[in-house]
Amino acid sequence: MRPTTATDMPGEPRIADARVSPPTIPLSVPVLGEREWEYVRECLGTNWVSSAGPFVERFERAVCEYLGDGYGAAAVNGTAALHTALLVAGVRPDDEVLVSTLTFIAPVNALRYVGAWPVFMDAESAYWQMDPDKVREFLVTECVARRGGLYNRSSGRRVRAILPVHILGHPCDMDPIVEAARRYDLLVIEDASEGIGTAYRGKPVGLIGDIGTLSFNGNKLITTGGGGMVLTRRADWAARARYLMTQAKDDPVEYVHAEIGYNYRLTNLQAALGVAQIEKLNDYVAAKRRIAERYAAGLAGVDGITVMREAPWARSTYWLYTVLVDEARYGTGSRGLLARLAQAGMESRPLWQPIHLSGAHRGAQAYRCDVSERLFRDALSLPCSVDLRPDDQARVIQTVLAGRSGTSG
Ligand SMILES: *Cc1c(COP(=O)(O)O)cnc(C)c1O
């Protein structure tokens, strides 16, 4: 049996447990083929299975060739890549970082790994990404410049960086975010884990700010089983990332270390999967966009359902196809629709609890995060595997159409 999505979302209500059997139409599963077998077999045949070997470098190059720019440092997962990126960028203990609240929890946890503090920023209501207006407003009204830095009035801590998270395959509106960062001399660290193949005004996300990261977890658009990458346009930063990820080993032969490092490098075996997967990325993006078109057409005009949109300045991969369910108009809320889909053997999933509501980061500051709370209440991601069959998708659409209260499902 194929696995369901690999990233579990701790803290979410476990409504899906109500279903009686595994879903016949999963939310989003990896699609692997002959090439993956071929490259993995090559690793086994040559005995290069661990964190040295030709596929690691090949994968880094292939990703940067796809993006058309930059340097990559492959990591064992996206969270490790985020931790490393924060270290390389120089985010320090007690620094504050403005971060999206509507995100998978990994980037916020990574901030705490380096001793920095999150300040949660809301999503905007059109595309559900970090709201640049609220970011600017926070910097202008809640912060003060002194001693060569920008300080948060209420905490007294120095604000060092902005960490936008591109969610669901759509980019954040980066120009105003970068502009605000430049004005106050802040770093921009992009979490592009959900954004491989995603572009903002023609530029690949992850290479727009100072440093960025990708994830190749099993539920992402392409996968290495587990994996991630630090992205940067600076060769010295990429080298520093690789150094920190290999226990900060200073000499190719002798075991000497001037710094504390980490065991974060991707293995050759995983990188082999990645090289095979990225060859198919364009096809996968095209498949996701076809799925999005069919949902948009099939669900257009359903009262109370708002389909996912693409900004005029964006190229979305529609990595995880998501709709908003307005309980008053549709007749049941997002969790009610989830239960109805589950009964029909179709897997769906709410978005993440906004992190400012999470017990894990209790007490951290949140700036006017009301939109994220509404999106959390209303959003539901629908089945959208790259190999989702049109007739299966039609059944999902039928189930959503039939789910409106007053009609029997
Ligand atoms: C998947 C993901 C990550 C990284 O997750 P890993 O499982 O550690 O690869 C980070 N941020 C976001 C937004 C993600 O979706």
Query raised in the report: Across bins of 10 angstrom width beginning at 0, how are the C-alpha pair distances of region 274-313 distributed, in whole percent?
Result: 25, 38, 26, 11, 1
Query raised in the report: Quick one: length gained pulling Glu57 to Asp283 fully straight, 0.36 nm per residue minus the C-alpha distance?
Result: 79.0 nm
Query - Span from the region 109-167 Cα centroid across to the region 212-236 one, whole angstrom - result: 24 Å
Query raised in the report: Mind checking the dipole of region 113-261: about its Cα centre, +1 per Lys or Arg Cβ, -1 per Asp or Glu Cβ, Debye to the nearest 20?
Result: 340 debye
Query raised in the report: How large is the convex hull of the Cα atoms of region 79-198 per residue, expressed in Å³ as a whole number?
Result: 95 Å³
Query raised in the report: Out of Ile105, Ile222, Ile167, any idea which swings most in a Gaussian network model of the chain, alpha carbons joined below 10 Å?
Result: Ile105
Report summary line: Given a Förster distance of 51 Å, the FRET efficiency implied by the Cβ-Cβ spacing of Asp133 and Lys249, rounded to the nearest 0.05, works out to 0.65
Report summary line: Residues meeting the amide H criterion for Cys143 (H placed from the backbone, H to H distance under 5 Å, 5 or more places apart or on another chain) are Arg153
Report summary line: Of the convex hull enclosing the alpha-carbon atoms of region 267-409, the direction-averaged projected area in nm² is 11.9 nm²
Query - Length added when fully stretched, Arg374-Ile260, from 0.36 nm per residue minus Cα-Cα - result: 36.8 nm
Query raised in the report: Given labels modelled 7 Å from the Cα in the Cβ direction, how far is it in nm from Arg233 to Arg309?
Result: 3.0 nm
Report task. Would you mind working out the magnitude of the charge dipole of the chain relative to its Cα centre, with +1 at each Lys and Arg C-beta and -1 at each Asp and Glu C-beta, to the nearest 20 Debye? Result -> 440 debye
Requested in this report: Please list, in chain and number order, the residues 5+ apart from Leu351 or on another chain whose amide H is under 5 Å from its amide H, with Hs placed from the backbone.
Outcome: Ala379, Ser381
Report summary line: About its Cα centre, region 297-389 carries a charge dipole, from +1 on Lys and Arg Cβ atoms and -1 on Asp and Glu Cβ atoms, whose size in debye to the nearest 20 is 140 debye
Report task. Given the options Gly274, Gly169, Gly115, state which has the largest fluctuation in a GNM of the chain using a 10 Å cut-off (strictly under) for Cα springs. Result -> Gly115
Report task. Quick one: accessible surface of Ser155, probe radius 1.4 Å, all protein chains present, in square angstrom to the nearest 10. Result -> 50 Å²
Requested in this report: Mind checking which lysines have their Cα closer than 23 Å to the Cα of Lys280? Skip sequence neighbours fewer than 8 apart in that chain.
Outcome: Lys203, Lys220, Lys288
**Report entry** Inter-site label distance for Ala145 and Trp37 at 7 Å from Cα along Cβ, in nm
**Finding:** 6.1 nm
Report summary line: Quick shape check on the chain: root eigenvalues a ≥ b ≥ c of the Cα gyration tensor, a/c under 1.5 is rounded, otherwise prolate if a/b tops b/c, else oblate, and it reads oblate
Requested in this report: Apply the Karplus parameterisation 6.51 cos²θ - 1.76 cosθ + 1.60, with θ equal to phi minus 60°, to every residue of region 381-387 and state each ³J(HN,Hα) to the nearest whole Hz, in sequence, with x for glycine and proline.
Outcome: 8, 9, x, 7, 4, 3, 9
Query raised in the report: Just Ala394, Ala199, Ala85 to compare: in a GNM of the chain, with alpha carbon springs under 10 Å, which one fluctuates most?
Result: Ala394
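The values are calculated or read from the model by the stated rules, or taken from the named source; none is laboratory data. Bear in mind that the values here come from a model prediction, so they are computed numbers and not experimental data. Here Cβ is always computed from backbone atoms with ideal geometry, including for glycine, and neighbour counts include all displayed protein chains. Surface areas here come from the heavy atoms of the whole protein model, side chains and all, with no ligands, DNA or RNA. Shrake-Rupley method; radii C 1.70, N 1.55, O 1.52, S 1.80 Å.
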